[in-house]
Structures are given as C-alpha cells and as structure tokens.
Amino acid sequence: MQRTLVIIKPDGVQRALVGKILARFEERGLKIVAMKLAQVDRDLAEKHYAVHQGKFFYEGLVNYISASPVVVMVLEGHEAIGVVRAMVGATRPWEAAAGTIRGDYALMGLRNLIHASDSPETAANEIALWFTTDQIHPYAREMDRWVNE
Ligand code: CMP
C-alpha cells in the first residue's frame, strides 16, 4: 500500500467541487486516512513549493495556494501515488485528458484545481509537512477485501 498527499486547491473549494473530487477517489477504492480544511500561510506555501523556488511562476504558485482555504488529505491504496496522478491529469489543464479531474473540471493556466505527490519520496515529505502522525488514522474497511484482494 502507498500513501499520497492530495490538495484540493482554492479554486476547487471555491467552485464547490470538493465532494465530486472526493467521490472519484473513494469510488476508485482509495482510502482517506487523513483530511482537513486549511488556510495556508506563506510559510507553509513556501515549504510545500520549495522545489519551485526561483522559477518564474513561483510567486504566483505561493499566492494561489494561500488565496483561500484548501482541502488536504492523505489517500492510501495500491500504487496510490501513480493512480492518483493519473486521475488528476496533466499539469496544464487545457492538455489534461477528458476523464481526468483536470480534464473534466479545469481549463486555464494556474487554475489546475488539485495537487498530488509525484513520487514516494515527495509523498513522504509532503505528508510529514501537512500532517502530524497522530492526525493520520489507518483503519480497516469492510469493502477493502473486495477492492484489494
Ligand atoms: P502542482 O501539482 O501543485 O505542483 C507544482 C505546480 O507548479 C503545478 O501544480 C503547477 O500549478 C505549477 N507549474 C508547473 N509548471 C508550471 C509552469 N511552467 N508555469 C506555471 N505553473 C507551473
């Protein structure tokens, strides 16, 4: 089982798409093991996007993620990192395939609705940045054997 960090960005919350996006992950069989609504301050935004510091789009990225509350979660499941990235779609929303979250709900520029960890190393770092270990709650679901076995 892998864990991955997903952020429904300010545009996803403002556009009232949280329920629809969550439903996709749940229906796929992924398990929510942590989740919260958070107003991101500049310090957290800078840490989250540290790898992009110095790039021309960095300021826009930090301003965007801290503009309004986000919903952040840890999803768990078989190959969760790659599965979630595939469900999210291409970074540029206008290039994202139909059937992906961005391809179905996003269109332009930075307004790409959602962030998902891109590797096991990134996932571990991002999960530790956004959640303490006591905020992550592993649990068994009755349906797990029908999804995972
Ligand atoms: P996200 O998945 O949150 O992680 C990094 C973000 O950087 C990405 O979404 C995009 O919003 C943004 N990004 C990556 N490349 C570019 C780019 N060339 N121009 C603007 N934004 C970018």
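The values are calculated or read from the model by the stated rules, or taken from the named source; none is laboratory data. Computed from a prediction, not measured in an experiment: that's the story for all the values here. Note: ideal-geometry Cβ built from the backbone for every residue, glycine included; neighbour counts use all protein chains shown. Surface areas here come from the heavy atoms of the whole protein model, side chains and all, with no ligands, DNA or RNA. Shrake-Rupley method; radii C 1.70, N 1.55, O 1.52, S 1.80 Å.
Just to confirm the number: angle between the C-alpha axis of helix 18-28 and the first principal axis of the chain, 0 to 90 degrees, nearest 10?
Between the helix axis and the principal axis of the chain, the angle is about 40 degrees.
Write down, largest first, the equivalent ellipsoid semi-axes of the stretch 74-149 in whole Å, where each equals the square root of 5 times an eigenvalue of the alpha-carbon gyration tensor.
Those come to 26, 17, 10 Å.
Per residue, how much accessible area does the stretch 1-112 show when a 1.4 Å probe rolls over the protein heavy atoms, in square angstrom?
50
Grab every C-alpha pair in the chain, bin the distances at 10 angstrom width from 0 up to the longest one, and report whole percents.
Going out from 0 Å in 10 Å bins, the chain shows 11, 42, 38, 8, 1 percent.
Could you please state, rounded to a whole Å, how far the C-alpha centre of the stretch 1-69 is from the C-alpha centre of the stretch 75-124?
11
For the ranges 76-84, 89-97, what's the packing order if you count other beta-carbon atoms within 10 Å of each residue, average per peptide, and put the highest first?
Per-residue Cβ counts within 10 Å, averaged per peptide and sorted highest first, yield 76-84, 89-97.
Counting only protein heavy atoms, what percent of the accessible surface of the chain is carbon or sulfur at a 1.4 Å probe?
On the chain, the fraction of accessible area on carbon and sulfur atoms equals 55 percent.
Using a cut-off of 18 Å between alpha-carbon atoms, which lysines can reach residue 31, once sequence neighbours fewer than 8 places away in the same chain are excluded?
Output for residue 31: 20.
Under the definition of Cα pairs under 8 Å and six or more residues apart, what whole-number percent is the relative contact order of the chain?
35
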